[in-house]
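*Asks:* Structure incoming, see below.
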Amino acid sequence: MKLASLKEGGRDGTLIVVNRELTRAVRATNIAPTLQKALDGWAAAAPKLRTLAVQLADDKAAGSFALDTTALAAPLPRAFQWADGSAYVVHVELVRKARGVAMPPSFWTDPLMYQGGSDSFIGPNDAIEAGDEAWGIDFEGEVGVIVDDVPMGVSPQAARRHIKLVTILNDVSLRNLIVGELAKGFGFFHGKPATAFAPVAVTPDELGDAWDGARLDLPLISTLNGKEFGHPNAATDLTFDFGQLIAHAARTRTLEAGTIVGSGTVANRDAAVGCSCIAERRVRETIENGQALTPFMKFGDRIRIEMFDRAGRSIFGAIDQNVVQYTLPG
């Protein structure tokens, strides 16, 4: 089934079930008012949501309506925790190579992960707001999973069973701010503004044989200003799968239901498939030509991120955003 949240009913939105064609939806408030509430009681809520999904597919769901993605928030408009990994170590390797810095061997065995801001995500069609183009505005196409309650010390294999929903996201980055932040040795803050998510999150069964329980074997397509930027496969060159990432996040703490774990920028070693962020293309240009040629995003630019199943149907809907200059309210 496919789940989403309308921008209504408060900061956590209103839970809706969406059909597979992403054309119609129905409110699920008689089951759970929000997606977070559904995740808190997933064992009881999931069967009822599936029944509603079947009714919607059969055109028997009372109160169904045409889906308008501009009315959607992120599937989880805010979350208790957002832990983003860097599971494609080839991406990290390229960045360090361009800087002439050796990569520690531990990067291949111990996942990189940071804890991002989760108090306010943005919807699939919400603008990317930035105060200055000089901040180095970039997109990052990623896969993400949403879990139920995960115990501390869970094994990677057992962690797979806690994956309840899968989605894609745009982990917006301000590259020129990140440089200074990382130099302080204390991690990201200003360089990671609000993350955008696809219209829907889906249960793993919706992914068919493209999902092996911990990785998604499909290309993630990024289109910048109407021109394809990259289509790397999300399973190719994946160093750490989601079972490993969840286990890493839960090494010293429990993860509450509704925690989102990200893959990091989807990247393949093969340059022919393109990139899921501008920074990687700039790194490849630096390695090949001695200098970066592709600029970061400007006000008015448009980024679209989407994934299609093997039959060519959009799975999660499109993240489709414009970059705009932020102005202080009032």
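The values are calculated or read from the model by the stated rules, or taken from the named source; none is laboratory data. Everything numeric in this text was worked out from a predicted model, so none of it was measured. All Cβ positions, glycine included, derive from the backbone under ideal geometry; neighbour counts span all protein chains shown. Heads up: the accessible areas ignore ligands, DNA and RNA and are worked out on the full protein's heavy atoms, side chains in. Shrake-Rupley method; radii C 1.70, N 1.55, O 1.52, S 1.80 Å.
*Asks:* When the Kirkwood hydrodynamic radius is evaluated over all pairs of different C-alpha atoms of the chain, what value in angstrom, to one decimal, is obtained?
*Replies:* Working: mean 1/r = 0.0499 Å⁻¹.
Across the chain, the inverse of the average 1/r is 20.0 Å.
*Asks:* Can you work out ³J(HN,Hα) from phi for every residue in the range 168-178, in order, using Karplus 6.51 cos²θ - 1.76 cosθ + 1.60 and θ = phi - 60°, giving whole Hz and x for Gly and Pro?
*Replies:* Karplus-based 3J(HN,Hα) across the range 168-178 equals 10, 8, 10, 7, 4, 10, 10, 4, 6, 8, 4 Hz.
*Asks:* Right, another one. Using alpha carbons only, how many angstrom separate the centre of the range 1-68 from the centre of the range 210-236?
*Replies:* One Cα centre to the other: 26 Å.
*Asks:* Check which residues have an amide H placed less than 5 Å from I128's amide H, if you skip close sequence neighbours.
*Replies:* For I128, whose amide H was placed from the backbone, the distant partners under 5 Å are N322, V323, V324.
*Asks:* Ordered by residue, what ³J(HN,Hα) values in Hz, to whole numbers, does the range 182-197 give under the Karplus form 6.51 cos²θ - 1.76 cosθ + 1.60, where θ = phi - 60° and Gly and Pro are x?
*Replies:* 5, 5, 6, x, 10, x, 6, 8, 5, x, 10, x, 4, 8, 9, 10
*Asks:* When only C-alpha pairs under 8 Å and at least 6 residues apart count, what is the relative contact order of the chain, in percent? Let's see the in-between values first.
*Replies:* Details: 809 pairs, mean separation 73.8, N = 330.
Value for the chain: 22 percent.
*Asks:* So, in the chain, how many Lys pairs have Cα atoms under 19 Å apart, if the pair is 8 or more places apart or on different chains?
*Replies:* Lysine pair count for the chain: 12.
*Asks:* Taking the Cα centre of each part, how many Å lie between the range 142-190 and the range 307-325?
*Replies:* 20 Å
*Asks:* Out of residues 5 or more away from F229 or on other chains, whose amide H comes under 5 Å of its own, with H placed 1.01 Å from N in the peptide plane?
*Replies:* Amide H neighbours of F229: S222, T223, L224.
*Asks:* How high is the relative contact order of the range 1-157, in percent, counting Cα pairs under 8 Å that sit 6 or more residues apart? Numbers along the way, then the final one.
*Replies:* On the way: 206 pairs, mean separation 33.5, N = 157.
Contact order relative to length: 21 percent.
*Asks:* With charges set only on the Cβ (+1 for Lys and Arg, -1 for Asp and Glu), what does the dipole of the range 156-277 come to about its Cα centre, in debye to the nearest 20?
*Replies:* Working: 11 positive and 12 negative charges, 106 e Å.
For the range 156-277, the charge dipole is close to 500 debye.
*Asks:* Can I ask one more? For the chain, find the longest principal axis of its Cα atoms and tell me its angle to the long axis of helix 278-289, 0 to 90°, nearest 10.
*Replies:* Helix 278-289 sits at roughly 30 degrees to that axis.
*Asks:* Just the Kirkwood number for the range 87-170, please: inverse of mean 1/r across all distinct Cα pairs, in Å, one decimal.
*Replies:* Numbers: mean 1/r = 0.0610 Å⁻¹.
16.4 Å is the Kirkwood radius here.
*Asks:* Within 10 Å, count the other beta carbons around each residue, average over each peptide in 261-274, 178-191, and list them highest first. Mind showing how you got there, number by number?
*Replies:* On the way: 261-274: 22.0, 178-191: 12.4.
Per-residue mean Cβ counts within 10 Å order the peptides as 261-274, 178-191.
*Asks:* Now, a different point. Pairs of Cα atoms under 8 Å, at least six residues apart: use those to get the relative contact order of the range 111-231, whole percent. Each step should come with its number before you reach the end.
*Replies:* Details: 171 pairs, mean separation 32.7, N = 121.
RCO, the range 111-231: 27 percent.
*Asks:* Taking the 0 to 90 degree range and rounding to the nearest ten, how far is the long axis of helix 89-98 tilted relative to the main principal axis of the chain, both from C-alpha atoms?
*Replies:* Taking Cα atoms only, the helix is inclined about 30 degrees.
*Asks:* Using the alpha-carbon atoms, what tilt in degrees (0 to 90, nearest 10) does helix 42-57 show relative to the longest principal axis of the chain?
*Replies:* Around 80 degrees separate the two axes.
*Asks:* What is the local net charge at I305, summed over the other residues whose Cβ is closer than 10 Å to its Cβ (Lys, Arg +1; Asp, Glu -1)? Numbers along the way, then the final one.
*Replies:* Working: positive: R304; negative: E140, E142, E306, D320.
Around I305, the surrounding residues sum to -3.
*Asks:* Continuing with the same structure: Got a sec to turn the phi values of the range 312-322 into Karplus ³J(HN,Hα) couplings, 6.51 cos²θ - 1.76 cosθ + 1.60 with θ = phi - 60°, whole Hz, x for Gly and Pro?
*Replies:* Whole-Hz 3J(HN,Hα) from phi for the range 312-322: x, 9, 5, 8, 9, x, 9, 7, 9, 10, 9.
*Asks:* Right, something else. Along the positive direction of the dipole of the chain (beta-carbon charges: Lys, Arg +1; Asp, Glu -1; about the Cα centre), which of Q81, Q321, P219 reaches farthest?
*Replies:* Of Q81, Q321, P219, it is Q81.
*Asks:* Tell me the carbon and sulfur percent of the accessible area for the chain, rounded to whole percent, probe radius 1.4 Å. Mind dumping the intermediate values first?
*Replies:* Values: 7430 of 14530 Å².
So the carbon and sulfur contribution to the accessible surface is 51 percent.
*Asks:* Considering only DSSP states other than H, G, I, E and B, which trypsin sites (Lys or Arg not before Pro) in the range 93-127 qualify as loop sites with at most 11 other Cβ atoms within 10 Å? Intermediate values should be presented prior to the final figure.
*Replies:* Values: sites: R96, K97, R99; in loops: R99.
Here the sparse-neighbourhood loop sites are R99.
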